[in-house]
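To keep things clear, I will list the structure first and then write my remarks on it.
Read-outs: derived from the displayed coordinates by stated rules, not from any lab. Keep in mind that what you see is a predicted model, and the values were worked out from it rather than measured. Here the Cβ is made from the backbone with ideal geometry for all residues, glycine too, and neighbour counts use every protein chain on show.
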Amino acid sequence: MEWLNAIVQGTLLGGLYALFAAGLSLIFGVMRLVNIAHGDLIVLAAYLGLTVTTATGMHPMAAVVIVVPAMALIGYALQRGLLNQTLGDDILPPLLVTFGLSVIIQNGLLEVYTADPQTLNAGALETASVAVGGVALGILPLLTFGIAIAVIWGLQWTFYHTALGRAFRAVSDNQDIAQLMGLNRRHIFGLAMALALGVTAIAGILLGIRTSFDPSIGGGRLIFGFEAVIIGGLGNLWGTLVGGVILGVAQTIGAKIDPGWQVLAGHIAFLVILAVRPNGLFPRISG
Amino acid sequence: MPDPILQTRGLNSHYGDFQALYDVELDVGEGEVLAIIGANGAGKTTLMRSITGLMTNGPGQIHYRGQDISRLRADEVAELGLAMVPEGRQLFPSLSVKENLMIGAQVGRTGPWDMQAVYDLFPILEERKDQASTSLSGGQQQMVAIGRALMANPDLILFDEISLGLAPIIIKDIYEALPGIIGEGMSAIIVEQDITKALSVSSRVYCLQEGRVSLESASDTVSREDISRAYFGIE
């Protein structure tokens, strides 16, 4: 039963990792941009959530209605003002610039919020649970997993059933020809980054409720997100959810064997899958 | 000649240090079909890329209906009513046939062309509308590319290498469909390797040679000798 418990908890944890990863996957899929600052943007969203909840007394889950649009705006401005200038045939400039951005965000957060660990206070939601067949399921992890599924379904639907999604796919296929069809790629890229950071905002709030955070933890979230994307297969959003679940289960099983092995077990699972299936489990089935 | 819809004046285009076009002067009349011929590397595709805004031009070099469009981005040029059927079709592989056509309507211009009008012109596309665009034959892909450009309801349509890589029977079909397309009062520029075909559908012809206009003539009076001289540069 304890093992079953570990697997179930790991699966639910995978929902959070999938949320870390969805934004990364989206940006890479649309504009071939690898965003090194993604983890720090997740942490930035958690801090924005902290500011909103302390200033207004809102519940962190309700703060989403402010933090998501705020992060989306930041995303659009960041893309139009900075990242569009780095995109081109060379893959190195966006890597360097987003690395720099990562350093800037971390130090900015240190200046404003100090290095003290913080959490978002969600009251009873943090500890509430239901018992299902002898396994206690936390309401928050269940909610996180449900939100992950809803977000991925929503992104998938946007990609395949809306004019915006069509524009994303067209620009991703061929930027010049898309431009000929009246699509301004700089604007489309801005919208893609806005959408990605909107998802990141949700991930950041859920992270902040689940664990304590400080300005330095972004790098670790980035790695988990990357691993989920790559395990699932680049450019496949449902694969990203599977990748997140595999990573989460590996971590909880590792922690079950020895608490010190949690993170290591996740990385080992990632390496094993990379060795066996270098393109991930479900490469490029869909956008 | 009727009032020009498009004019280039002293058009120079560069790829880095390499100059691809030299002082190109070209006029397209309202409702006119213009043919552009020339050997590989003569600058035909560069000229199309310059006109559509995919390449950056110097100011004042390209005018569309009296407006200087030389510095506009391709999407801004498209909104003014200029569409292109690009060389090699270049459909969006992630999009179905129908979605490729829908993207063409993205500029939001209204006119005679909508999804049904394109399906009436090329009925096979309606049967294949939910298929991936890459699963079609070359000729059918060209139909999608033409339909995609028409969906923008352009006033001036550019066909770049319209028959390149297609079977002769398909080329014949495409050319038979052309009058129905251009007949709606549209102006057109047709870039073509097949000189006979180019002359048969156009009223005037320009020949490019090493980035310069080497011939400008009415299509029905131009002589073979003039064309060979302009095409190959042989005196």
Seminar exercise, completed: In degrees rounded to 10, the 0-90 angle between helix A:163-173 Cα long axis and the longest Cα principal axis of chain A is 70
For this session: Could you tell me which of rounded, prolate or oblate describes the range A:2-276, using a ≥ b ≥ c as the square roots of the eigenvalues of the alpha-carbon gyration tensor, with rounded for a/c under 1.5 and, failing that, prolate when a/b is larger than b/c and oblate otherwise?
Result: prolate
For this session: Mind jotting down the distance between the C-alpha centroids of the range B:94-156 and the range A:31-82, whole Å?
Result: 39
Problem set entry | Value of [θ]222 nm, deg cm²/dmol, for chain A, DSSP H segments ≥ 4, -39500 (n - 2.57) each, nearest 500 | -25000 deg cm²/dmol
Seminar exercise, completed: For B:Lys129, the lysines lying under 20 Å Cα to Cα, once residues fewer than eight places off in the same chain are dropped, come out as B:Lys98
Seminar exercise, completed: Total charge of the residues flanking B:Asp27 in space, meaning their Cβ is under 13 Å from its Cβ, with Lys and Arg +1 and Asp and Glu -1, is -2
Exercise. Expressed as a rounded percentage, what relative contact order does chain A have, with Cα pairs under 8 Å and six or more residues apart?
Worked result: 37
For this session: Under a cut-off of 13 Å between alpha-carbon atoms, report the aspartates and glutamates in cross-link reach of B:Lys197, not counting same-chain residues fewer than 8 places apart.
Result: B:Glu161, B:Asp173, B:Glu176, B:Asp220
Exercise. What does the charge add up to near B:Leu215, with Lys and Arg as +1, Asp and Glu as -1, over the other residues with Cβ less than 9 Å from its Cβ?
Worked result: -1
Problem set entry | Dipole magnitude of the range A:2-276 about its Cα centre (Cβ charges: Lys, Arg +1; Asp, Glu -1), debye to nearest 20 | 560
Exercise. Taking the Cα atoms only, what angle lies between the long axis of helix A:218-232 and the longest principal axis of chain A, rounded to 10 degrees?
Worked result: 80
For this session: Round to a whole angstrom and tell me the spacing of the C-alpha centers of the range A:171-190 and the range A:246-287.
Result: 35
Exercise. Based on the mean of other beta carbon atoms within 10 Å per residue, what is the order of B:50-57, A:200-207, most packed first?
Worked result: A:200-207, B:50-57
Problem set entry | At least 15 Å along the helix axis (C-alpha) and Kyte average at least 1.6, DSSP helices within chain B | none
For this session: For helix A:262-276, report the angle its Cα long axis makes with the longest principal axis of the Cα atoms of chain A; keep it between 0 and 90° and round to the nearest 10°.
Result: 50
Exercise. Within a Cβ distance under 14 Å of A:Trp157, other residues only, what is the Lys/Arg minus Asp/Glu net charge?
Worked result: +2
Exercise. By average Cβ neighbour count within 10 Å, what is the ranking of A:78-91, B:27-40 from highest down?
Worked result: B:27-40, A:78-91
